[in-house]
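Enquirer: Before anything else, here's the structure in question.
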Amino acid sequence: METKEIKNKVRKEQQLMTGAQAVVHSLIAEGVDLMFGYPGGAIMPVYDALYDVQDSLTHVLTRHEQGATHAAQGYARATGKVGVCIATSGPGATNLITGIADAQIDSTPMVCITGQVASHLLGTDAFQETDVIGISMPVTKWNFQVTRAEEIPMAIAKAFYIARTGKPGPVLVDITKDAQFGEVAFNYVPFKGMRSYVPTPALEMDSLTKAAALINTAKKPFILFGQGVVLSGAEEEFKTFIEKTGIPSAWTILGLSALNSDHYLNVGMLGMHGNYAPNKMTNECDVLIAIGMRFDDRVTGDLSRYATQAKVVHLEIDPAEIDKNVKTDVAVLGDAKETLEELTKIVDQREHAEWLAEFRALEQEEIDTVINEELSPKSDVMTMGEVIHQINEVSDQKNIFVTDVGQHQMIACRYAKFKQSRSMITSGGLGTMGFCLPAAIGAKMGMPNSQVIGIIGDGGFQMTIQELGTIFQCKTAVKIVVLNNEFLGMVRQWQELFFDKRYASTEMVNPDFQTIVKGYGIATKKVIERADLESSVKEMLAHDGSYFLEVMVGKENNVFPMVPTGASVSEIRLK
Amino acid sequence: MRKERFTISIFTEDIVGILNRVTIMFTRRKINVESIAASESEIKGIHRYTIVITETEDLVKKLVLQIDKQVEVVKAVYHIDSEIVYQEIALYKVATSILASGGKAERIVRAHNARVLSVEIEFTVLEKTGHKDETQQLFEELEPYGILEFVRSGRVAITKPMRTLDSIVKGLEDLVEK
Ligand SMILES: Cc1ncc(C[n+]2csc(CCOP(=O)(O)OP(=O)(O)O)c2C)c(N)n1
C-alpha cells in the first residue's frame, strides 16, 4: 500500500478526524438531525464538515442568528428535544444573545455552538473576536470554551446533558478555529453527570406527607401550574392528581396547554391579563398549590398582598425558587412527574363543587363584561379575539400556536383552545418581540405533521421579518397570522391607561405586508372586513404550504382584564 | 429585616471562568462585595471563595441558593461571624526611621503584636493578622507617624459546624450515575 493509503487507513481505524468533524459527529451521536445557524469565518471548518453529513444532519440557514436561536427554541419547545444553533464568532455570537436569554428565563433546552478566533489570538482584539463566554455567562446555564480538538466530544456531551437535565436551559460551547482544525481520535461517550451539578433533588417523603395533609384538609384549595408540568412530561400525572383531589387549576402562560382547555377543573389563566376568577381566587383560597411555576411578578402582582391568607405548597425542581418570591409552608423538591405520582397516592379523593362554582360565577362575570364582546363584537371593528376564536371554531384545536409579544400574545393565550400539550410556544419570561416568526419555523420543522400557527403583531413581525426568507428557501408550511393594529399595541395600551394617551413612538406606519410576503412566494391574504374572516381562516388552514394572513383589527383596542402594575391580583380590572 | 454581616463560602470545581459566574450573582443584585479571598481547599481540584457582604439574611439565603445551583459550584453556604473562625492579614509599610527603639511607634507595634517582615534602610514592612477592627486599630494608631503603603487581605474563614467538605463531596459523587 502507498504511505498515503496506509495513513488514511490508520486514521479511519483510530477514528481520527478534525475537531470540526468531531463537532458534527458529536451532534449526530446526540441524536441531532436538525440545527439552525449562520456561517462565518471562525466557524467555517464546522460548516465544511456539515457538508459531508447532510443526509443525517440538516442545517437550516436562518436569515439572522437571532432567528436561529428562536427557531431552535421553537423546535425544542414543540418537540421536547434539545434545540441546536450555531454561529460564527463576534457579531454572529452576539446576535445569539437575545435568544439565549429568552431560553434561560423560559428554561428551554438549547445548545449553541460558536466559532472563535484561533487560541493564540484570544484577548488580542483580533478580527471578529468577542468574549462570548463573558457575554453569555449571565444568560447561560453553562458555557465552555474549547481550545483543543480533543476537548470537543466531551464538551458537547456535557453541553447536551446540562441543557436537557434538571431545569433545562441554554448552554454555549465556544470553539476556537485552531481547535476545529486540530485532530482528535473520536470517541463519543455520553455524559453521565458531575458532582457539582445535581439536576433533580431527591424527593423527600416527609414534605410530601405534609403537603398531602394540607391538601386533604383544605376547604378551598387552588392549583397554579406552570411549565414544570410540561418539561417533566407530567401532563398525565397532573391530570390524575387534580381529578382525584378535585382542585380547580389555573395556568401560567408557559403551563398553557398542559391541561386541555375544556377540562372541568381548568379555571383559566393567571396573571396580569389572565382570567378574572383565578386572579381573584388567589386571594380567597386557603391552600395554594404551585406546581412547576416560579411566581413571576407578572403572575403575582404586588407580593405583599399576594395570597397572604393561604398556606402555600410549592412543588418545584429548583431549590433556588423556593421562597424566592412567595414564602412557602411546604416545599416539595423534585421532578413534577415523580412528585405528582407519589403525591396522588396519598391524597384523598375529593370534590370541591361549591368552591368550583365560585370560580364559574366569576367566570360568567368575565364572559358577560369582556369575553363576549371580544369574541363576537357588536362593533364593525374587528378584534384580535375573534380571529383566535375563528381558528378555534374551524380547526380541530390540535394546532401548535406560537406567539410574539404584546396584546396579540395575551389574546392568543386567553382565547386559543388546546387539546394537546406543548401547543403554546410563547416568550414568557423575557417577552422577546421578534420571537414568533423564527420560533414558528423551528416548531413546524420539529413537528412537520402539526398545524403550526404563528400569531404576531405588526410590530414584532418587523423585528424578524427577514425569516420569511427561511420559509421561502425551506418551503416551511407554517401559517402566519399578523394581527395588524398599526400600533405597538401593548405599549399604546399602557400609554392610554397610565400616560394620559400620550402616544410617544407607538404608531406604526407600515409597509404593504402583502407585497413583501408575495416577494417571498408565500400565499397571502389581507382581511379588512369581518365577512371575509371565516373563509380566509379556513383557506389558510386548508392551504398546503406556508400562508400569510393579515387581519386589520381595531387600532385602539385594549386587553382586559388587567392587573395594573403594583396592584394586587384581587384588584384585577374588568375594564 | 436587619442587615448583618455574612460570610459566604463557595466551593467550586477548579476551572476558568467560574469566579466570574459567581460574582455575576452579586452584581446582578447590585450587592457590594466587602472582601473576597480565593484559594484551594483541602480537596484537590476544589477551590473555595470566601466572600463577605452585609445584607439581610432573607436575601443572602436566596443568593446562596442561586450560587449553589450554578453548574460547577459544588456547594455554597453562608454563616454569621459567630459560626466561623476567621482572620484577615494586613501589611503596613512605614519609614524605618519612625521605629527607633523605645519610640512611641515602636511601642504601638509591640502592643499590637505586629510582626516585622522586612527591614530596609528606608522602610519597614509590618504584618498584623486579626479581625478587621484589630488591623484597622493598628492602622489608625500608626497613621500619625506616616503609613507609606497599606494592604489588607480578604477574610478567610473556617466554619465551626463539623460537616466536612469531604463528606459533602462524597455525597454528591454518590449521586452521579456510574
Ligand atoms: C425586543 C422588544 N422590544 C420592546 C419590547 C416592548 N414591547 C412589549 S409589547 C410591545 C408592542 C408590541 O407591538 P406589536 O408587535 O404590534 O403587537 P401588539 O401589542 O400590537 O399586539 C413592545 C414594544 C419587547 N417586548 N421586546
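Enquirer: Residues with amide H under 5 Å of A:Asp174's amide H, sequence separation 5 or more or different chain, H placed in the peptide plane at 1.01 Å from N; which?
Expert: HN-HN under 5 Å from A:Asp174: A:Thr114, A:Phe144, A:Gln145, A:Val146.
Enquirer: Right, something else. To the nearest Å, what is the center-to-center distance of the stretch A:86-147 and the stretch B:63-94, using C-alpha atoms only?
Expert: First find each Cα centre; the distance between them is then 30 Å.
Enquirer: What lysines could a cross-link reach from B:Lys44, if we take a straight Cα to Cα line under 23 Å and drop same-chain neighbours fewer than 8 places away?
Expert: Cα-Cα hits under 23 Å: A:Lys158, A:Lys192, B:Lys69, B:Lys75, B:Lys160, B:Lys170, B:Lys178.
Enquirer: For the pair B:Thr56 and A:Ser376, how long in nm is the line joining their label points, each one 7 Å along Cα→Cβ?
Expert: According to this spin-label approximation, the distance is 5.1 nm.
Enquirer: For chain B, build the convex hull from the C-alpha positions and give me its volume per residue in Å³.
Expert: Enclosed volume per residue, from the Cα hull, is 152 Å³.
Enquirer: For the stretch A:205-358, report the convex hull volume of the alpha-carbon atoms normalised per residue, in Å³, without decimals.
Expert: Dividing the Cα hull volume of the stretch A:205-358 by its residue count gives 93 Å³.
Enquirer: Please list the non-local residues whose amide H lies under 5 Å from the amide H of A:Ile289, H modeled 1.01 Å from N, same-chain partners needing a gap of 5 or more.
Expert: Residues meeting the criterion, in which the H sits 1.01 Å from N, are A:Phe222, A:Ile223, A:Leu224, A:Val313.
Enquirer: I would also like to ask the following. For chain A, what's the relative contact order in percent, using C-alpha pairs closer than 8 Å and at least 6 residues apart?
Expert: 14
Enquirer: I've got another one for you. So which GluC sites (Glu not before Pro) in the stretch B:3-46 are both in a DSSP loop and have at most 14 other Cβ atoms within 10 Å of their Cβ?
Expert: Answer by residue number: B:Glu42.
Enquirer: Which whole-number percent gives the relative contact order of the stretch A:255-353, counting Cα pairs below 8 Å spaced six or more residues apart?
Expert: Relative CO of the stretch A:255-353 lands at 20 percent.
Enquirer: Can you find, among A:Thr240, A:Leu256, A:Leu224, the residue sitting farthest towards the positive end of the charge dipole of the stretch A:213-261, where Lys and Arg contribute +1 and Asp and Glu -1 at Cβ?
Expert: Positive-most Cα among the choices belongs to A:Leu224.
Enquirer: Okay, next question. Name the shape class, rounded, prolate or oblate, that the alpha-carbon gyration tensor gives for the stretch A:1-134, where a ≥ b ≥ c are the square roots of its eigenvalues, rounded holds for a/c under 1.5, and otherwise prolate holds if a/b is larger than b/c and oblate otherwise.
Expert: Since a/c reaches 1.5 but b/c is at least a/b, the shape of the stretch A:1-134 is classed as oblate.
Enquirer: Using a ≥ b ≥ c from the Cα gyration tensor of the stretch A:391-520 (square roots of the eigenvalues), is it rounded, prolate or oblate, where a/c under 1.5 gives rounded and otherwise the larger of a/b and b/c decides, a/b for prolate?
Expert: Oblate, since a/c reaches 1.5 and b/c is not below a/b.
Enquirer: Under 14 Å from the Cβ of A:Ile175, count the other residues' Cβ atoms, weight Lys and Arg +1, Asp and Glu -1, and hand me the total.
Expert: Surrounding charge for A:Ile175 is -3.
Enquirer: Which parts of the stretch B:42-67 would a label at B:Asp81 reach, counting a residue when its backbone N lies under 19 Å from a point 7 Å out along Cα-to-Cβ?
Expert: B:50-58, B:60
Enquirer: Related question: Counting Lys and Arg as +1 and Asp and Glu as -1, what is the net charge of the other residues whose Cβ lies under 14 Å from the Cβ of A:Lys219?
Expert: That sum, taken over residues with Cβ under 14 Å, equals -3.
Enquirer: Still on this model: What percentage of the solvent-accessible surface of chain A, computed with a 1.4 Å probe over protein heavy atoms, is contributed by carbon and sulfur atoms?
Expert: 51
Enquirer: Follow-up question, since we're still on this one. What's the local net charge at B:Asp14, with K and R +1, D and E -1, over the other residues with C-beta under 11 Å away?
Expert: -1
Enquirer: Can I ask one more? Mind checking the dipole of the stretch A:241-397: about its Cα centre, +1 per Lys or Arg Cβ, -1 per Asp or Glu Cβ, Debye to the nearest 20?
Expert: Magnitude of the dipole: close to 400 debye.
Enquirer: Can I ask one more? Hey, what do the phi angles of the stretch A:520-528 turn into as Karplus ³J(HN,Hα) couplings, whole Hz, using 6.51/-1.76/1.60 and θ = phi - 60°, x for Gly and Pro?
Expert: Residue by residue, the stretch A:520-528 yields 8, x, 9, 4, 8, 8, 10, 10, 10 Hz.
Enquirer: Of A:Leu343, B:Ile51, A:Thr300, whose Cα points farthest to the positive end of the dipole of the protein assembly as shown (charges on the beta-carbon: +1 Lys, Arg; -1 Asp, Glu; origin at the Cα centre)?
Expert: Towards the positive end, the residue furthest out is B:Ile51.
Enquirer: On a 0 to 90° scale, report how tilted helix A:235-245 is relative to the longest principal axis of chain A, with both axes built from alpha carbons and the result rounded to the nearest 10.
Expert: The helix A:235-245 is inclined about 30 degrees to chain A.
Enquirer: Further, regarding this structure: Applying the Karplus parametrisation 6.51 cos²θ - 1.76 cosθ + 1.60 with θ = phi - 60° to the phi angles of the stretch A:184-191, what ³J(HN,Hα) value in whole Hz is obtained for each residue in order, glycine and proline being reported as x?
Expert: In residue order, the calculated couplings are 9, 7, 6, 8, 8, 10, x, 7 Hz.
Enquirer: Could you work out how much longer the chain between A:Ala531 and A:Leu122 gets when fully extended? Use 0.36 nm per residue separation minus the Cα distance between them, nm to one decimal.
Expert: Net length gain for the segment: 141.0 nm.
Enquirer: Out of B:Ala157, B:Ser167, B:Thr135, whose Cα points farthest toward the positive end of the dipole of the stretch B:120-178 (charges: +1 Lys, Arg; -1 Asp, Glu; placed on Cβ)?
Expert: In the stretch B:120-178, that residue is B:Ser167.
Enquirer: Follow-up question, since we're still on this one. Under a straight-distance cross-link criterion of Cα-Cα below 27 Å, which lysines are reachable from A:Lys575, leaving out those fewer than 8 residues away in the same chain?
Expert: Within reach: A:Lys280, A:Lys378, A:Lys417, A:Lys501, A:Lys555.
Enquirer: Hey, can you list the residues from the stretch A:188-211 whose accessible area shrinks by 10 Å² or more with all protein chains present, relative to the chain by itself (probe 1.4 Å, no ligands or nucleic acids)?
Expert: Residues meeting the cut-off: A:Lys192, A:Gly193, A:Met194, A:Arg195, A:Ser196, A:Tyr197, A:Val198.
Enquirer: Can you grab the distance from the C-alpha centre of the stretch A:215-281 to the C-alpha centre of the stretch A:483-537, Å, no decimals?
Expert: 33
Enquirer: Check cross-link reach from B:Lys93 to the lysines: straight Cα distance under 28 Å, and skip same-chain residues fewer than eight apart.
Expert: The reachable lysines, counting only those whose Cα sits under 28 Å from B:Lys93, are B:Lys104, B:Lys128, B:Lys132.
Enquirer: Relative to the Cα centre, what is the charge dipole magnitude of the protein assembly as shown, using +1 at the beta carbon of each Lys and Arg, -1 at the beta carbon of each Asp and Glu, and rounding to the nearest 20 debye?
Expert: 520
Enquirer: Additional query: Restricting attention to the stretch A:179-287, which trypsin sites (Lys or Arg not before Pro) occupy a DSSP loop and are surrounded by at most 16 other Cβ atoms within 10 Å?
Expert: Those that pass, being in a loop and sparsely packed, are A:Lys192, A:Lys219.
Enquirer: Further question: With a 1.4 Å probe and all protein chains left in place, how much of the accessible area of the stretch B:4-79 comes from carbon and sulfur atoms, in whole percent?
Expert: 49
Enquirer: Residue separation times 0.36 nm, minus the C-alpha to C-alpha distance between B:Glu40 and B:His131: what's the value?
Expert: 30.6 nm
Enquirer: I've got another one for you. Compute the accessible area per residue over the stretch A:132-205, keeping the other protein chains in place, probe 1.4 Å, unit Å².
Expert: Value returned for the stretch A:132-205: 36 Å² of accessible area per residue.
Enquirer: Another question, then. Out of the trypsin sites (Lys or Arg not before Pro) in the stretch B:32-133, which ones are loop residues according to DSSP with at most 10 other C-beta atoms within 10 Å?
Expert: Sites meeting the loop and neighbour criteria: B:Lys44.
Enquirer: If you don't mind, there's one more thing I want to ask. With 21 Å as the limit, write out which pairs from A:Lys244/A:Lys337; A:Lys219/A:Lys324; A:Lys219/A:Lys311 have Cα-Cα distances beyond it, or answer none.
Expert: Listed pairs above 21 Å: A:Lys219/A:Lys324.
Enquirer: Oh, and also: Over chain B, calculate the relative contact order: mean separation of alpha carbon pairs under 8 Å at least 6 apart, over the residue count, as a percent.
Expert: 25
Enquirer: Here's something else I'd like to know. Please provide three numbers in whole Å: the alpha-carbon extents of the stretch B:95-178 along the principal axes, with the largest listed first.
Expert: Extents along the principal axes: 66, 24, 17 Å.
Enquirer: Taking the DSSP beta bridges in the stretch A:382-552 as the whole, what percent of them are antiparallel, to the nearest 5?
Expert: For the stretch A:382-552, the DSSP antiparallel bridge percentage is about 5.
Enquirer: Just how far, in whole angstrom, is the stretch A:165-186 from the stretch A:1-40 if you go by their alpha carbon centroids?
Expert: Centre-to-centre (Cα) distance: 14 Å.
Enquirer: Turning to a different aspect of this structure: When the helices in chain A are scored as -39500 (n - 2.57) per DSSP H run of 4 or longer and the sum is shared across all residues, what 222 nm value do you end up with, to the nearest 500 deg cm²/dmol?
Expert: After summing the helix terms and dividing by the residues of chain A, the value is -10500 deg cm²/dmol.
Enquirer: Quick one: which residues, 5 or more positions from A:Val452 or on another chain, have an amide H under 5 Å from its amide H? H modelled 1.01 Å from N in the peptide plane, none for Pro or chain starts.
Expert: A:Ile400, A:Lys479
Enquirer: Over every pair of different alpha-carbon atoms in the protein assembly as shown, take the mean of 1/r and invert it; report that Kirkwood radius in Å.
Expert: Result for the protein assembly as shown stands at 28.7 Å.
The values are calculated or read from the model by the stated rules, or taken from the named source; none is laboratory data. Every value quoted in this text rests on a predicted model; they were computed, and no experiment measured them. Methodologically, a virtual Cβ is constructed for each residue, glycine included, from the backbone with ideal geometry; neighbour enumeration extends over all protein chains shown. In case anyone asks, the SASA skips ligands and DNA or RNA and just uses the protein heavy atoms, side chains included. Shrake-Rupley method; radii C 1.70, N 1.55, O 1.52, S 1.80 Å.
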